[in-house]
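Heads up, the thing below is written out as structure tokens.
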Amino acid sequence: MAAAPAWANEQLARSKNCLACHQIDAKVVGPAYKDVAAKYAGQPDAVAKLAQKVMKGGAGVWGPVPMPANTQVSEAEARQLVRWILS
């Protein structure tokens with residue numbers, strides 16, 4: 001299985017509007033992706049767990065601001081985004 005170039009996943013994040021609230025290395029509204037990667041490093045269920053959060057939203061893990069559901073993101077896209085964030 002060939003790995004997709006890193007820019008392809010950043011483009012997906014841009015196209016799904018993820019970068020309106022998140023950045024790779026700085027907190028904006030939501031946590032920086034590097035902080036998410038550090039928090040979930042080594043957790044075997046991280047991709048499945050975080051893909052669900054991407055699609056359905058969540059609250060309370062990173063502070064009081066909830067993450068809205070992203071209904072425009074498919075499960076395959078959510079998993080691809082999460083694998084990129086965790087890499």
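The values are calculated or read from the model by the stated rules, or taken from the named source; none is laboratory data. All values derive from a computational prediction rather than experimental measurement. We place every Cβ from the backbone using ideal geometry, glycine too, and count neighbours over all the protein chains shown. Just so you know, the surface numbers come from the protein's heavy atoms only, side chains and all, with ligands and any DNA or RNA stripped out. Shrake-Rupley method; radii C 1.70, N 1.55, O 1.52, S 1.80 Å.
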How big is region 10-57 in terms of Cα radius of gyration and Dmax, in angstroms? 10.9, 28
Compute the length gained on full extension between GLN43 and SER15: take 0.36 nm times their separation in residues and subtract their Cα-Cα distance, giving the result in nm to one decimal. 7.3 nm
Carbon/sulfur accessible area of the chain, % of total, 1.4 Å probe, equals 59
Residues of region 8-44 with the amide nitrogen closer than 17 Å to a label point 7 Å from the Cα of THR71, along Cα-to-Cβ, please. 16-17
Would you mind getting the accessible area per residue of the chain, heavy atoms of the protein chains only, 1.4 Å probe, in Å²? 62
Identified option (computed log10 I(q)/I(0) by the Debye sum over Cα atoms at q = 0.19, 0.23, 0.25 Å⁻¹; candidates (i) -0.99, -1.22, -1.31; (ii) -0.84, -1.32, -1.61; (iii) -0.81, -1.15, -1.32): (ii)
Reported to the nearest 10 Å², SER87 has, with a 1.4 Å probe, an accessible area equal to 110
Could you please put MET55, MET67 in sequence from largest to smallest accessible area, using a 1.4 Å probe? MET67, MET55
